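What follows is a short report on a single structure.
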Amino acid sequence: MNKIDLQKRTKQFNIDVIKVCATLPRNAAGFELAKQIIRSSGSVGANYRATQRAKSKADFIYKLEIVIEEADETMYWLEVMNETGLIDSKIATTLIKEANELVSIFVATVKTTKSNNSIKKT
């Protein structure tokens, strides 16, 4: 998967989360969960995009680690929403799977980048 595909995929992830949030109850829990998960899922795509402007390998890795944290946080909020019955379990499962796949992709990218960096140093 190339960087353009990942940019599209992370943006679509945020869009899908926003659409799910539109179905949340209009009460304190719904508003707070929507606020949290929209921010974290949006941060996945925005910070991935920022990796393309990294100033160094270290900066690239740092930005990717933020992407990983935000994707993992989004997964947490999706799990909470699913376990409280606030969203359809099929939709939750699909989005949790996508968040997990994004985490896996970015963790592998960090490992590869770090590995390639240490090979060059020796």
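The values are calculated or read from the model by the stated rules, or taken from the named source; none is laboratory data. Just so it is clear, the structure is predicted and the values come from calculations on it, not from any experiment. No Cβ is skipped: glycine too gets one built from the backbone with ideal geometry, and neighbour counts run over all protein chains shown.
Scoring Arg49 on the criteria (1) among the basic types (Lys, Arg); (2) over 16 Å from Gln7 (Cα atoms); (3) free of Cβ contacts under 8 Å to residues at least 60 places away in the same chain leaves a single failure, condition (2).
Specify which of the listed residues (Leu86, Leu64) is over 10 Å from the mean Cα position of the chain (by Cα), touching a residue at least 40 places away in the same chain (Cβ under 8 Å), over 14 Å from Asn14 (Cα atoms) and in a helix (DSSP H, G or I). Reasoning before the result, please.
Details: Leu86 fails: in a helix (DSSP H, G or I).
On inspection, the qualifying residue turns out to be Leu64.
Out of curiosity, is Gln12 of a type outside the set (Lys, Arg), over 16 Å from Ile87 (Cα atoms), surrounded by fewer than 16 Cβ atoms within 10 Å (Cβ to Cβ) and in contact (Cβ under 8 Å) with a residue 24 or more places away in the chain? Considered against the rule, which asks whether it is of a type outside the set (Lys, Arg), over 16 Å from Ile87 (Cα atoms), surrounded by fewer than 16 Cβ atoms within 10 Å (Cβ to Cβ) and in contact (Cβ under 8 Å) with a residue 24 or more places away in the chain, Gln12 comes out as no. Of the candidates Val80, Val110, the single residue that is under 21 Å from Lys63 (Cβ atoms), at pLDDT 95 or above and in a helix (DSSP H, G or I) is Val110. Within region 1-60, the set of residues being more than 12 Å from the chain's Cα centre (by Cα) and hydroxyl-bearing (Ser, Thr, Tyr) comprises Thr23, Thr51, Ser56.
Restricting the search to region 31-57, which residues are in a helix (DSSP H, G or I), surrounded by fewer than 19 Cβ atoms within 10 Å (Cβ to Cβ) and either at pLDDT below 95 or in contact with a helix residue (DSSP H, G or I) (Cβ under 8 Å, 6 or more places away or on another chain) (or both)?
If we filter region 31-57 for residues that are in a helix (DSSP H, G or I), which is where we start, we get 31-51, 57.
Now narrow it down to the ones that are surrounded by fewer than 19 Cβ atoms within 10 Å (Cβ to Cβ): 31-32, 35-36, 38-39, 46, 49-50, 57.
Hits for region 31-57 are Gln36, Ile38, Arg49, Ala50, Lys57.
Could you please find all residues in region 67-83 being under 15 Å from the mean Cα position of the chain (by Cα) and in contact (Cβ under 8 Å) with a residue 24 or more places away in the chain? Hits for region 67-83 are Val67, Ile68, Glu70, Ala71, Asp72, Glu73, Thr74, Met75, Trp77, Leu78.
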